[in-house]
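A short worksheet on the structure shown next.
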Amino acid sequence: MSKFTIVMIEDEKNICNFIESALERQDYKVSTAYNGRDGLALINSLCPDVILLDLGLPDLDGIDIIKSVRSWTTIPIIVISARTQEQEKVAALDFGADDYITKPFGTSELLARIRTALRHGKPTVKAIDGCVVQTPYRCEGLYIDFAKRLVTLNDHKIHLTQIEYKLVSLLAENSGKVLTYDYIISHIWGPYADNNNQILRVNMAHIRRKIEANPAEPKYIFTEIGVGYRMKESEI
Ligand code: CA
């Protein structure tokens, strides 16, 4: 049995203790640092499977820690942030954090984020008949076959425009993970696109009308207010 190693950098000791015992109950091996410098040293020596990083640390800026880690590794980073740190959350994601979780959070939410991060550390392609294809997305009634560019909902084909398909497949390929507005816009419309969110919002509304039973209460694509969108984790 292989235990996954998690490095947690968080200066609030009671939060550390709480998270640590919750993770250890799930058989994760946890090493904790109460400041950024010790945290970076732990990451360098342990090369963990996941990093949990509080953005508000006494010595270093969380964003600088992300930049430093990203200069040599793609180890998943989950940022722990306060509700008031919207701009920092977006910056953290844009500088290479994989996800964030907002305080206060429950253990089950944190464990789900860690499982997602661990899954995204692995390739999502498989070989069929000697060809390398991307694993399809499936969640409840929604199915996306990337090789065939086919989207079905409860076995009925959904007709999407080219932009709508690109959007849905980008979110589905990263399912479970939040993608920022700027990240999505630059991937769909190119790096020089005007980064106002209006065209993105309009397209998302069209997509929701096609795939959600109730677009006001989406089941597949969630809005992370002020940050971006997250598609529900694929079951396969
Ligand atoms: Ca803190």
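The values are calculated or read from the model by the stated rules, or taken from the named source; none is laboratory data. The structure displayed is predicted, hence computed values, not measured ones. So basically every Cβ, Gly included, is an ideal-geometry build from the backbone, and we count neighbours across all protein chains shown. The accessibility values were calculated without ligands, DNA or RNA, using every heavy atom of the protein model including side chains. Shrake-Rupley method; radii C 1.70, N 1.55, O 1.52, S 1.80 Å.
Relative contact order of the stretch 125-231, taken over Cα pairs closer than 8 Å and 6 or more residues apart, is 22 percent. The amide H of F146, built 1.01 Å from its N in the peptide plane, has Y137 as neighbours under 5 Å, considering only residues 5 or more places off or on other chains. Rounded is the label for the stretch 4-120. Its Cα gyration tensor axes, ordered a ≥ b ≥ c, give a/c under 1.5.
Pairs to check: K3/K219; K67/K166; K29/K177; K148/K177; K89/K157. Give those whose C-alpha atoms are more than 26 Å from each other in this structure.
On the way: K3/K219 33 Å; K67/K166 29 Å; K29/K177 23 Å; K148/K177 23 Å; K89/K157 36 Å.
The answer is K3/K219; K67/K166; K89/K157.
Backbone amide hydrogens, once placed in the peptide plane, bring Y100 within less than 5 Å of V79, V178, excluding anything fewer than 5 places away on its chain.
For the chain, report the accessible area per residue in Å² (1.4 Å probe, heavy atoms, rounded to an integer).
On the way: 12120 Å² over 236 residues.
With all protein chains present, the chain gives 51 Å² per residue.
Computed on the stretch 4-120, with alpha-carbon pairs under 8 angstrom and 6+ residues apart, the relative contact order is 23 percent.
Net charge dipole, the stretch 4-120: roughly 280 debye, given to the nearest 20, about the Cα centre with Cβ charges of +1 for Lys and Arg and -1 for Asp and Glu. Applying the Karplus parametrisation 6.51 cos²θ - 1.76 cosθ + 1.60 with θ = phi - 60° to the phi angles of the stretch 47-56, what ³J(HN,Hα) value in whole Hz is obtained for each residue in order, glycine and proline being reported as x? Values per residue, Gly and Pro as x: 6, x, 7, 9, 10, 9, 10, 7, 6, x Hz.
Accessible area of Y28 (1.4 Å probe, protein heavy atoms only, ligands and nucleic acids ignored): about 30 Å². Expressed as a whole percentage, what fraction of the accessible surface of the chain belongs to carbon and sulfur atoms when a 1.4 Å probe is rolled over the protein heavy atoms? Exposed carbon and sulfur together represent 51 percent of the surface.
How would W72, W189 line up by accessible area, probe 1.4 Å, largest first? Could you put the intermediate results ahead of the total?
Values: W72 115, W189 75 Å².
My answer, sorted largest first, is W72, W189.
Here the Karplus curve 6.51 cos²θ - 1.76 cosθ + 1.60, taken at θ = phi - 60°, turns the phi angles of the stretch 212-219 into couplings of 9, 5, 10, x, 6, 10, x, 9 Hz, with x standing for Gly and Pro. Per-residue surface analysis assigns K67 an accessible area of about 100 Å², computed on protein heavy atoms at 1.4 Å probe radius. Taking S31, S108 and ordering them by how much accessible surface each has at a 1.4 Å probe, largest first, produces S108, S31.
In plain terms, the chain is cut at each of the GluC sites (Glu not before Pro) found in a DSSP loop with at most 12 other Cβ atoms within 10 Å, and the longest leftover piece is 1-139.
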